[in-house]
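Comments concern the structure below.
FYI, it's all coordinate maths here, none of it is from the lab. Treat the numbers as computed from the prediction; the structure is a model and nothing was measured. As a convention, Cβ positions derive from the backbone with ideal geometry for all residues, glycine included, and neighbour counts pool all protein chains shown.
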Amino acid sequence: MGWMRTRLLSALLATAASVPPAHAQVASLSSTGDAIGTTATLAYSGGLASRPLALLPSTVLQANPLLVALSGDPGDVLAVGPDLLLLGIFFLGATDPSGGASFAIPIPNDAALLDAALHFQAFGIDLAAPTPAGWFAAFSNTRVVTINAADRWQATPSPLLVTRALHQASLLQDGRVLVTGGGPVLLADPWGAVATCEIYDPNTETHAFTPVPMTTSRAFHTATVLQDGRVLVVGGVDHGFLSPTPTEPNNYVTNALASAEIWNPATGLFSATGSMSVSRAGHTATLLPDGRVLVTGGTKGNASNQIDNIVDILNNALASAEIWNPATGLFVPLPNMSQSKVGHAAVLLDDGDVLVVSGVAVTIIIGIPVPSFSTVCQRFHPATNTFSATGSLPTNQGRALFPAVKLLDGKVLVAGGTGGSPLNIQPIGDARLFDPATNLWSPLPPLQQVRGTHAATRLADGRVLVSGGAIGAITAPQPIASCEFFDPATGLWSAAGALVEPHATHVALRLPDGTVYLSGGGGAPSGVAIAAANSYSP
């Protein structure tokens with residue numbers, strides 16, 4: 001291989017003249033693994049079949065004058081620095097008949113490497129070509145590997161571009177993440193929603209604004225990735241307005257929204273779609289196997305669809321549900337659930353049904369709305385568009401603002417949340433497991449730390465990572481940084497690495513490379529929204 005390294009290095013250092021564009025870039029580069037003492041695997045695909053391949057690492061990401069448009073493809077531009085290349089550090093391999101290849105790169109078990117970033121780019125080589133312009137083709141995107149340690153959170157190289165809580169983050173089909181809306185404060189006072197949205201790109205670990213914002217500001221909304229890759233954004237509350245009440249000079253009132261819109265990844269633009277039959281915030285939206293989206297419950301706010309404080313949220317929960325149809329772009333009302341719900345959870349089961357769990361329900365007694373934490377659960381059947389009763393949670397174990405996660409065996413884990421009395425809402429630690437085969441809940445050991453407004457993410461190995469959340473009263477939340485694992489194999493909880501800083505009402509999701517992306521939420525000490533984003537290596 002020495003002759004190839006020498007010849008390749010000489011070619012890389014040659015001055016190249018640009019030639020007219022000939023074809024589009026098709027190759028891509030992804031990676032898995034970033035922890036010290038383990039191996040990072042760089043996977044290349046879409047390149048030349050059965051050809052030599054070069055993978056270049058660098059400590060910097062910058063336009064490189066070497067090989068600029070050498071092949072004639074405007075995408076064939078070397079975008080990693082030459083610092084390691086000039087030291088003779090690069091990797092050679094060969095593509096398979098499909099044009100793919102992988103490189104296994106050991107990461108030394110050296111804590112001094114933590115948080116160091118290596119940028120990679122790969123391209124195909126055809127040394128039989130008659131001119132240097134034919135030697136290099138099918139350049140990949142750049143891919144960063146930021147060195148971490150197992151069970152460790154680290155800050156992403158760039159935070160969110162604006163502070164966000166009660167926002168949404170959606171994993172797109174190409175592996176990027178769309179972050180939508182959010183506001184500056186927590187549930188007890190959800191005002192100040194923004195219309196701006198961002199894209200997190202795991203290849204560069206950076207955030208960038210979408211070309212245009214949403215058609216309206218939103219927080220406490222839902223965002224659902226459709227089967228065609230578009231994202232349906234539904235309901236929520238808007239930015240709000242300053243209350244004219246003289247006794248509340250700095251109080252904002254928000255409007256609950258009935259509108260919905262769609263983001264198209266092909267254009268990066270938002271467009272309006274049909275509106276719901278009623279305004280909703282704190283609802284759920286679940287993609288069904290047939291491509292429709294089920295929307296359940298939420299709060300409509302007061303008679304004017306406005307939310308002044310948490311009372312307006314709790315006292316106006318909805319029992320109604322509706323379905324958005326991608327064929328028509330319209331919402332169609334469904335028969336009501338048996339009980340109103342806001343701050344509940346909904347999970348698609350393996351058989352295509354949707355499990356709707358707990359939340360805050362409202363009962364009207366002598367004309368007075370009385371909220372309570374519901375133990376009632378239901379199943380929605382897409383084939384008949386109906387709800388049916390299923391096993392309830394135990395008495396006094398109703399909750400709101402909690403995650404529900406489907407495990408690898410199809411069962412559903414519910415852990416923590418906010419519960420107790422609506423007059424004294426506090427975080428809880430109770431954990432339960434739902435079995436779709438029996439429609440029953442079974443008890444689990446409680447969380448090691450009571451928490452509400454947290455996130456839960458199923459890892460590739462089947463464990464569930466519970467992150468952050470808040471303790472204390474919902475009107476005075478105290479975000480926390482602690483995390484813990486649930487292991488379905490043992491049914492037990494164990495401590496996990498703590499967040500870089502406390503987060504509550506944040507969003508956490510597993511990326512294709514197995515890492516967990518976490519963004520925004522309320523931070524310490526008061527729960528006001530932050531812009532921090534973290535990445536976790538299992």
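What ranking do 42-51, 396-405, 79-88 get when scored by the average of other Cβ atoms within 10 Å per residue, highest first? Present the calculation step by step, with values, prior to reporting the outcome.
Values: 42-51: 18.6, 396-405: 23.0, 79-88: 15.9.
My ranking of the peptides, most packed first, is 396-405, 42-51, 79-88.
Figure the gain on full extension for Phe209 and Leu330 (residue separation times 0.36 nm, minus the Cα-Cα span) and round it to one decimal in nm. Don't jump to the answer; show the numbers that get you there.
On the way: separation 121, 0.36 × 121 = 43.56 nm, distance 2.81 nm.
Roughly 40.7 nm would be gained on extension.
Give me the extension gain from Thr41 to Asn439: residue separation times 0.36 nm, minus the current Cα-Cα distance, reported in nm with one decimal. Intermediate results must be reported in sequence, preceding the final value.
Working: separation 398, 0.36 × 398 = 143.28 nm, distance 4.18 nm.
Value of the extension gain: 139.1 nm.
Quick one, can you get me the convex hull of the C-alpha atoms of region 201-282 expressed as volume per residue in Å³?
On the way: hull volume 11.4 nm³, N = 82.
Normalising the Cα hull of region 201-282 by residue number yields 139 Å³.
Distance in nm between label sites at Ala195 and Asp487, each 7 Å beyond Cα in the beta-carbon direction?
So the two model labels end up 5.0 nm from each other.
I'd like the orientation of helix 2-13 relative to the chain: the angle between its Cα long axis and the longest Cα principal axis, in ° from 0 to 90, rounded to 10.
In the chain, helix 2-13 runs at an angle near 80 degrees to the longest axis.
At 25 °C and a viscosity of 0.890 mPa s, what translational diffusion coefficient does Stokes-Einstein give for region 392-432, taking Rh as the Kirkwood radius over Cα pairs? Give it in µm²/s as a whole number. Could you put the intermediate results ahead of the total?
Values: Rh = 10.9 Å.
D, rounded to a whole number, is 225 µm²/s.
Whole angstrom only: what separates the Cα centroid of region 285-302 from the Cα centroid of region 307-384?
Between the Cα centres of region 285-302 and region 307-384 lies a distance of 8 Å.
Restricting to DSSP H runs of at least four residues, report the calculated mean residue ellipticity at 222 nm for the chain, -39500 (n - 2.57) per run over all residues, nearest 500 deg cm²/dmol.
Working: 2 runs with 17 residues, N = 538.
Result for the chain: -1000 deg cm²/dmol, rounded to the nearest 500.
Which value, in debye to the nearest 20, gives the size of the charge dipole of the chain about its Cα centre, when Lys and Arg are +1 and Asp and Glu are -1 at the Cβ? Write down the numbers at each step before the final one.
Numbers: 22 positive and 33 negative charges, 73 e Å.
Using only the charged Cβ atoms, the result is roughly 360 debye.
Using only C-alpha atoms and all pairs of different ones, pull out the Kirkwood radius for the chain in Å with one decimal.
Numbers: mean 1/r = 0.0403 Å⁻¹.
Hydrodynamic radius (Kirkwood, Cα pairs) of the chain is 24.8 Å.
Amide H neighbours of Trp191 under 5 Å, at least 5 residues apart or on other chains, H built in the peptide plane: list them.
Val185
Kirkwood hydrodynamic radius for region 348-429: how many Å is it when counted over pairs of different Cα atoms? Walk me through the numbers on the way to the answer.
On the way: mean 1/r = 0.0719 Å⁻¹.
About 13.9 Å, per the Kirkwood formula over Cα pairs.
Just going by the charge dipole of region 152-537, with Lys and Arg at +1 and Asp and Glu at -1 on Cβ, which of Pro159, Ile364, Ala404 is farthest out on the positive end?
Ile364
What is the Cα coordinate range of region 277-404 on the first, second and third principal axes, sorted by size from largest, in whole angstrom?
Sorted largest first, the three principal extents are 40, 35, 25 Å.
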